[in-house]
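In what follows, a single structure is set out as structure tokens and then discussed.
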Amino acid sequence: MAVLAELEPLMAHSTADAGKVPSAEADDHFHDECGVFGIFGRQDAAAIVTLGLHALQHRGQEAAGIVSYDGSQFHVERHVGLIGDTFTKQHVIDRLPGNRAIGHTRYATTGGAGLRNVQPFFAELSEGGLAVAHNGNLTNALTVQRVLQKQGSIFSSTSDTETLLHLVATSKERDLNSRFIDAIRQVEGAFSLVAMTAKKMIGCRDPLGIRPLVLGDLDGAWILASETCALDIIGARFVRDIKPGEMVVVTSKGIESLFPFEPQKTRFCIFEYVYFARPDSTVEGRNVYEVRKRIGAELAQENPVEADIVVPVPDSGTPAAIGFSQAAGIPFELGIIRNHYVGRTFIQPGDSIRHMGVKLKHNANRRMIEGKRVVLVDDSIVRGTTSQKIVQMVRDAGAKEVHMRIASPPTSASCFYGVDTPEKSKLLASRMSVEEMAEFIRVDSLGFLSIDGLYRAVGEARRDSDQPQFCDACFTGQYPTRLLDFEGHDNVRTLSLLASGGS
Ligand code: SF4
């Protein structure tokens, strides 16, 4: 509880942003909060980072930043909005010269919105500039931050990534590699980082490997990116995944691999396969689209239903719906059409308009649905509000029956590892049984994939019930790390946002 007392000033700060609508509330999904990309040794580095971030736009849509180095100085551009809103403008790219650059796209959240939390973070240290872009969330950042503040550190953001920069800056080690290692050994939680100094680009993953990070090569220039789709967009070659607990250091002499942590059992985020990663990415050796189709097939086997058509809730439910349809032998139809040109629902000005969000984004394809028994397939249920509206829309279009099938187990616990998550009490599955949820969203039947079915779809049986080989905490409540900043506090969302700043 002493921790809470010291957090009060920070929590008071969060209320300054209280007028903004939480993004997860707006479209009722968990949202991955960041994508990172870096390239070393290519003249048009910032333009390539722009393309890479564009391919990673699904990992965060509210703000982006790029830091480049031109051989004598660093250049920083950070803007609110989509990559295409700013970084495709020639005069912006012209302000980012150099043959190395790193970038970041982020999902801003209630407590962490605003330019001061937009990454990459950049600081001038005693041995030169350091830029850091972070995907994940540190679960002891506030605790470390308090210690640093007592020692005189001044923070300019609410981001956990800034805590990491301070740890590098205040390390007693001599060279930058050692200082960086010293810093990452003091933090806990999830981090896939891309950092850059005048002489090197560094990439690393936390020892559990919770978030992804891959290594690529473009005609001899090394690339670090959150997902392989960011390599494909520029025709780069996928080299390999950065290993959990690995730190790679890229210089003009080549690439070096270090392992600064004791080996641990890895716990990659299984939700990346369900929803976060792009279906055309290959993540930890598995094509995401294929996994999602297998998820759909498992779902059909576990939750069979007599129906006329299988309809995905687009776009995220589509691969699983295809897998369901093929396994169940029920025709797949695009019974809901998504309008790709509507803005994000939360930017609507008032409550009455915002509640129309689902209709603006999705429309029932009445001709396909009318008089049919429909299996609706979606990736997950968070609050249930979107599901409720989609089901009503399908009923209004004349469906005879609506059966909902969810391509993941019930999400009953919050995420502390870099995902925009409502507090536990807002998660429908944390307070209702499956039958109650079915009644709430008004479906004829509701079925979820089991946790074992999810593991089967990924291709590995769940091996250890206490410490399985993936993080599946939002389904099971079994967190793979301690949660130092959050222990004993029930306002998970507020603290999570403060700790992450949406990284
Ligand atoms: S709790 Fe674990 S599995 Fe769930 S979203 Fe977070 S990292 Fe992924």
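Quick notes on this structure:
- Pairwise FRET efficiency - residue 239 versus residue 434, Cβ, R0 = 41 Å, nearest 0.05: 0.40
- The Rg/Rh ratio for region 269-321, using Cα coordinates for both the radius of gyration and the Kirkwood hydrodynamic radius, is 1.00.
- Between residue 373 and residue 85, the simple spin-label model (points 7 angstrom out along Cα→Cβ) gives 4.7 nm.
- If you wrap region 211-290 in the convex hull of its Cα atoms and look at it from every side, the mean projected area works out to 5.7 nm².
- Reported value for region 25-146: 116 Å³ per residue, from the convex hull of its C-alpha atoms.
- Convex hull of alpha carbon positions in region 360-484: directionally averaged projected area 8.9 nm².
- Cross-linked pairs 172/200; 200/243; 199/265; 389/426; 243/426: Cα-Cα separations exceed 29 Å for 199/265; 243/426.
- Per residue, the convex hull around the alpha carbon atoms of region 92-155 comes to 135 Å³.
- Stretch gain in nm, segment residue 400-residue 478, where the contour uses 0.36 nm per residue and the Cα spacing is subtracted: 24.1 nm
- Ellipsoid semi-axes for region 181-338, based on the Cα gyration tensor and the rule √(5λ), read 38, 18, 11 Å when sorted largest first.
- Using only the C-alpha atoms, the convex hull of the chain corresponds to 138 Å³ per residue.
- Under the combined filter of DSSP loop state and at most 15 neighbouring Cβ atoms within 10 Å, region 120-212 retains these chymotrypsin sites (Phe, Trp or Tyr not before Pro): 155.
- Shape annotation for region 66-106: C-alpha extents along the principal axes are 29, 21, 12 Å, from largest to smallest.
- Residue-by-residue Karplus 3J(HN,Hα) for region 449-456, coefficients 6.51, -1.76, 1.60, Hz, glycine and proline x: 6, 7, 5, 5, x, 5, 5, 4
- Per-bin percent of Cα-Cα distances, region 165-233 [10 Å]: 19, 45, 29, 7, 0
- Computed from Cα atoms alone, the Kirkwood hydrodynamic radius reported for region 118-192 is 12.4 Å.
- Annotation for region 164-234 versus region 128-146: alpha-carbon center distance of 12 Å.
- Nonlocal amide H pairs with residue 198, under 5 Å, H built at 1.01 Å: 129
- The chain - mean residue ellipticity at 222 nm from DSSP helices (-39,500 (n - 2.57) per run, n ≥ 4, rounded to 500): -8000 deg cm²/dmol
Every number here is computed from the coordinates shown, using simple stated rules; none is lab data. These figures come from a predicted structure and were not determined experimentally. Neighbour counts run over all protein chains shown; Cβ positions are idealised from the backbone, glycine included.
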